[in-house]
Amino acid sequence: MPAFKTLDDLTDIAGKRVLVRVDLNVPVTDGKVSDTTRIERVAPTILELSEKGAKVILLAHFGRPKGEPVADQSLSLIAPAVEEVLDQRVAFASDCIGAPAADAIAKMENGDILLLENTRFHKGEEKNEPGFTAELAKNGDLYVNDAFSAAHRAHASTEGLAHHLPAYAGRTMQAELEALEKGLGQPTRPVVAIVGGAKVSTKIDLLSNLVTKVDALVIGGGMANTFIAAQGINVGKSLCEHDLADTARSIMETAKTAGCAIVLPVDGVVAREFKANAANETVDINAIPADAMMLDVGPKSVELINGWIGKAATLVWNGPLGAFEIAPFDKATVSAALHAAEQTRAGKLVSVAGGGDTVSALNHAEVADDFSYVSTAGGAFLEWMEGKELPGVAVLTKG
Ligand SMILES: Nc1ncnc2c1ncn2[C@@H]1O[C@H](COP(=O)(O)OP(=O)(O)OP(=O)(O)O)[C@@H](O)[C@H]1O
Ligand SMILES: O=C(O)[C@H](O)COP(=O)(O)O
């Protein structure tokens, strides 16, 4: 375990302004939070600080707004869900720096909770700009980072602030690292990783290292399309990063050298519209129509994937196999989740899954409680798995 200060070291904090970085990047459907797991996980830290009389000021990002305010990425949309989970009033400030933040903080009483607007509405956040970080730091006396799932980002609110204020790990940060170390510190082989989802460009690079650590890498979801296209197969209108074809090919080469099997879909469920119950058909991977998109892996692929889950002693999973939010494109994810849960219950598998939507998919399949461990982190979890130093964790250990 990294040596950092925790909430146990924060005793006399009544009246102190504590900036708490949390991850509120939660799944939203039709404007409503569809999975509150990430909020539930940070609730203990928020409530403990509030009970100790601190003024609890929440910092978070939501989506990828590129340094400009975007209405549907405002944290005001998430605030009601935070209030509901905490069962406490949560005030909201329309900016994370400047007068809106300062005014809202000035009104706080001891124990109050305030949520500041999306940190990514400012370019300085992702650039970890000293000027922006100093503006954020003005609003606090202490800094607590409880956003393990954003700890792979060296941003102002996840890394920079720890250089300005006395810094502490929150309860979830602590618990995630302990649980991952326990479950995956020395994994029993064979280790099978499933990587799917939609964040292709930010996750694909991680795979070249991951294939040297695991025995098989199953690629599904939007991630698979880039690999399929890299083999010269037409993926029609599927989510695909064609300019990452070389990266995909090089990952497959690295995997071959490392003796890691790469498992790609052999069939897919395609549709012309990205919506629930869209007309769909199951096709061979070589027969994706030019005007259609693959929204789920097909039944033959599911059989293949479940076979690999059956062979695994340890399963590491980030990213759904399809667009599980819209029926019937949840079938592959649900089937693999049920199989992994069954193997885990039978004591044959250590199953660790992580990621905002991945957790939501496991909840949808009603098996989250059957997995050995469910992390809130997706990208951060994969980077941890690679053995990479996470900037948001490393900075907390610097004293
Ligand atoms: N074939 C596909 N086409 C389009 N979208 C897909 C496809 N397969 C999965 N997805 C989408 O991927 C999204 C989840 O991907 P993502 O990489 O964000 O996973 P995650 O578990 O949330 O990880 P993280 O916590 O790192 O964000 C879901 O919204 C799902 O609809
Ligand atoms: O959802 C996540 O994995 C974290 O909140 C990080 O989000 P990001 O990939 O947009 O940095």
- Task: State the number of residues belonging to the range 385-399 that are free of Cβ contacts under 8 Å to residues at least 12 places away in the same chain and within 16 Å of ligand 1 (Cβ to nearest atom).
- Result: 0
- When the residues of the range 139-152 are filtered to those that are under 25 Å from Ala104 (Cβ atoms) and within 16 Å of ligand 1 (Cβ to nearest atom), which remaining residue is surrounded by the fewest Cβ atoms within 10 Å (Cβ to Cβ)? Ala150
- Go through the range 323-345 and count every residue that is assigned to a helix (DSSP H, G or I) and either buried (at least 24 other Cβ atoms within 10 Å of the Cβ) or not β-branched (Val, Ile, Thr) (or both). 13
- Query: Taking the stated definitions as given, is Val82 modelled with pLDDT of 95 or more and within 16 Å of ligand 2 (Cβ to nearest atom)?
  - Reply: yes
- Query: Taking only pairs six or more apart or across chains, which ones have beta-carbon atoms under 8 Å, a first residue in the range 6-23 that is on the phi < 0 side of the Ramachandran plot and small (Gly, Ala, Ser), and a second residue that is surrounded by fewer than 18 Cβ atoms within 10 Å (Cβ to Cβ) and modelled with pLDDT of 95 or more?
  - Reply: Ala14/Gly53; Ala14/Asn110
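Quick one: in the range 346-384, which of the residues that are in a loop (DSSP other than H, G, I, E, B), free of Cβ contacts under 8 Å to residues at least 60 places away in the same chain and surrounded by 22 or more Cβ atoms within 10 Å (Cβ to Cβ) is nearest to ligand 1 (Cβ to nearest atom)? Give the derivation first.
Applying the first criterion (in a loop (DSSP other than H, G, I, E, B)) to the range 346-384 yields 346-349, 355, 365-367, 371-372, 376-378.
Applying the additional criterion that residues be free of Cβ contacts under 8 Å to residues at least 60 places away in the same chain yields 346-349, 365-367, 371.
With the extra rule that they be surrounded by 22 or more Cβ atoms within 10 Å (Cβ to Cβ), the set shrinks to 349, 367, 371.
Details: Leu349: 20, Val367: 15, Phe371: 13 Å.
Out of the qualifying residues, it is Phe371.
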- Note on the structure: The number of residues in the range 238-273 that are of a type in the set (Asp, Glu) and in contact with a strand residue (DSSP E or B) (Cβ under 7 Å, 6 or more places away or on another chain) is 1
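A quick yes/no check of all residues on (1) away from ligand 1 (no atom under 16 Å from the Cβ); (2) over 22 Å from the mean Cα position of the chain (by Cα); (3) not hydrophobic (A, V, I, L, M, F, W, C):
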position	(1), (2), (3)
Gly53	yes, yes, yes
Leu59	yes, no, no
Phe62	no, no, no
Val70	yes, no, no
Ser76	yes, no, yes
Ala79	yes, no, no
Val82	yes, no, no
Asp87	yes, yes, yes
- Query: Restricting to the range 24-60, what's the tally of residues that are closer than 17 Å to Ala167 by Cα, without any contact (Cβ under 8 Å) to a residue 60 or more places away in the chain and within 16 Å of ligand 2 (Cβ to nearest atom)?
  - Reply: 1
- Item | Unique residue being within 17 Å of Ala332 (Cα to Cα), touching a residue at least 24 places away in the same chain (Cβ under 8 Å) and surrounded by fewer than 21 Cβ atoms within 10 Å (Cβ to Cβ) when the list is Val195, Val270, Val266, Val218 | Val266
- Out of Asp215, Asp246, sole residue that is of a type outside the set (A, V, I, L, M, F, W, C) and within 19 Å of Ala353 (Cα to Cα): Asp215
- Query: Across the range 130-187, what is the total count of residues that are within 16 Å of Val395 (Cα to Cα) and assigned to a loop (DSSP other than H, G, I, E, B)?
  - Reply: 15
- Message: Just the residues that are within 16 Å of ligand 2 (Cβ to nearest atom), among the small types (Gly, Ala, Ser) and touching a strand residue (DSSP E or B) at 6+ places or on another chain (Cβ under 9 Å), please, taken from the range 330-372.
- Response: Ala353, Gly354, Gly355, Ala361
- Got a sec? Which of Lys398, Lys388 is surrounded by fewer than 24 Cβ atoms within 10 Å (Cβ to Cβ), at pLDDT below 95 and within 16 Å of ligand 2 (Cβ to nearest atom)? Lys388
- Message: Please go through the range 204-262 and give me each residue that is assigned to a loop (DSSP other than H, G, I, E, B) and either within 16 Å of ligand 2 (Cβ to nearest atom) or closer than 23 Å to Glu383 by Cβ (or both), ordered by number.
- Response: Val211, Thr212, Lys213, Val214, Asp215, Gly220, Leu239, Glu241, Gly259, Cys260
- Task: Please enumerate the residues belonging to the range 295-330 that are within 14 Å of ligand 1 (Cβ to nearest atom), more than 19 Å from Lys237 (Cα to Cα) and of a type in the set (Phe, Trp, Tyr).
- Result: Trp317
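The values are calculated or read from the model by the stated rules, or taken from the named source; none is laboratory data. All of these numbers come straight from a predicted model, not from anything done at the bench. All Cβ positions, glycine included, derive from the backbone under ideal geometry; neighbour counts span all protein chains shown.
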